[in-house]
Ligand code: FES
């Protein structure tokens, strides 16, 4: 059996459900990040990786500066390994 994927956000530790997006997991835990379209087009839901790798396909169409800062779209990101994230505007 595969280990549960853990999403860390601020002081929260969320067990991801199979097939769940980062945005869905945050909403399920009543953690607010801005979002709108939920299909990867409006780019409202940008968040940033603190530790781990941005999930596959979650950086398509982002600007090079955003990719360099490990930003990704929460609404299309399905993590397959543990991931620690923060709000995109909080610069390290
Ligand atoms: S909510 Fe629109 S791109 Fe994620």
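Taken together, the values in this text are just the output of simple stated rules run on the coordinates, not laboratory data. All figures in this text were calculated on a predicted structure; none of them were measured in a lab. Every residue, glycine among them, receives a Cβ derived from its backbone with ideal geometry; neighbour counts consider all protein chains shown.
Out of everything in segment 36-78 that is outside any helix (DSSP H, G or I) and away from the ligand (no atom under 15 Å from the Cβ), what residue ends up being farthest from the chain's Cα centre (by Cα)?
69
Pairs, please: C-beta under 8 Å, at least 6 apart or cross-chain, first residue on the phi > 0 side of the Ramachandran plot and in segment 29-41, second within 6 Å of the ligand (Cβ to nearest atom)?
Cβ pairs passing all conditions: 38/45; 38/75; 40/73; 40/75.
Across segment 10-25, what is the total count of residues that are touching a helix residue (DSSP H, G or I) at 6+ places or on another chain (Cβ under 7 Å) and within 16 Å of the ligand (Cβ to nearest atom)?
3
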